[in-house]
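Participant: The structure follows.
Only the coordinates and a few stated rules stand behind these numbers; no lab work does. From a predicted model like this one, the values you see are computed outputs, not experimental measurements. Backbone-built Cβ (ideal geometry, glycine too); neighbour counts: all protein chains shown.
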Amino acid sequence: MAILISEDEVARRLAAAQQGDGGATGPTSQPHRWSLSTTVVDNLIGFIRNPQERWYLGFPEVDIATRGVGKGEVLLVVGRSHTGKSQMLLNGIVSNLLNHPETHVVIFSMDEPRELVAMKLFCLIHGRSSSDVEESIKHGDEDTLEALRTSAKAELSRVAIIDDAAGLPTMAEAMDETREWWGCDPSFVMIDYLELLPGGDSDATGVTSKAQAVKRWAKEQRVPIGLVHQAGRGASQPGYSAGIYAGRYGGEQEAIFVVEVYRKKDRYGLSDWERRYHANSINLNVCKNKRTARLLDQTYYLDPEFGAIHAYHDELVPGGGE
């Protein structure tokens, strides 16, 4: 039979816990399996009052809707193959590296070698195409070589790119090593992508279990996570939004935000003007938002040369539209 504790005893225990002394016959100084409501409220107040501690993607409409990704939270980025999922996160990383000198990022790239990821980051930083950079390197262009070496010592020195197919325990060790090397916690972690995490099957059950493991890992690491997930071909028609169903059985339940990436250029039956307009468009669809419940589907311009994603400027809109 449960024994009710008096209000006076509850108040005494709460005061003792806050002072770090439960007393000889009272409870321990802090509960082990749950947090005091006073601690939870203090954390909530700190979260709201310190928006600079969250991770912002650099897309104003998306950042306003989500209020940023907090420590221990998972942002799931879903979409078909080659729609720009990773490129969206890389854009956000470069935006933070350039605007916030304290930014440090870890990229677990199981899909692409670290040299290719470094090239994409460099091209975004300098506004150059990868083909232009490659040709300049082949011809020994000193300006390009110097720019690469300078970036390696500047912005890219605050990025750790790990392209081994490592499991979460090994990834945790890598996180500890970056903390020791940089002397601070990473600001953001990108995992590219969910299906390539070692262990488990690649079916719905296996992918879901991996997503659940990443969510636990994110809480242990206390860092914002951007997790890329490749949606199946049956999620929606090409060029159309599948919404929350794009991430179904792929971590959508574990994520606080889900952003679907899709390209309208893949639609059938576009008019001539629509084909020209959407040749370089990319849609970011916030289809799950547990923080503010605000959803949106925003069309941006994806620069075909170096992969920058930004709003459509007037000069980018083809003539002849309505």
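Participant: Structure shown: which of Lys153/Lys210; Lys153/Lys290; Lys120/Lys265 lie over 32 Å apart, alpha-carbon to alpha-carbon?
Facilitator: As for pairs spanning more than 32 Å Cα to Cα, those are Lys153/Lys210; Lys153/Lys290.
Participant: Still on this model: When the Cα centres of the stretch 98-139 and the stretch 274-322 are compared, how far apart do they sit, in Å?
Facilitator: 22
Participant: Now, a different point. State log₁₀ I(q)/I(0) for the stretch 126-233 at q = 0.17, 0.18, 0.22 Å⁻¹ as given by the Debye formula over alpha-carbon point scatterers of equal weight, solvent excluded.
Facilitator: These q points yield log10 I(q)/I(0) values of -0.91, -0.95, -1.13.
Participant: Counting each pair of different Cα atoms once, what's the Kirkwood radius of the stretch 53-316 in Å, rounded to one decimal?
Facilitator: Mean inverse Cα-Cα distance, inverted, gives 19.0 Å.
Participant: Could you tally the net charge around His104, taking each other residue with its Cβ under 13 Å from the Cβ of His104, Lys/Arg +1 and Asp/Glu -1?
Facilitator: Within the 13 Å Cβ shell, the charges total -3.
Participant: Net charge near Ser187, counting Lys/Arg +1 and Asp/Glu -1 over other residues with Cβ under 12 Å of its Cβ?
Facilitator: Here the charged neighbours net out to +2.
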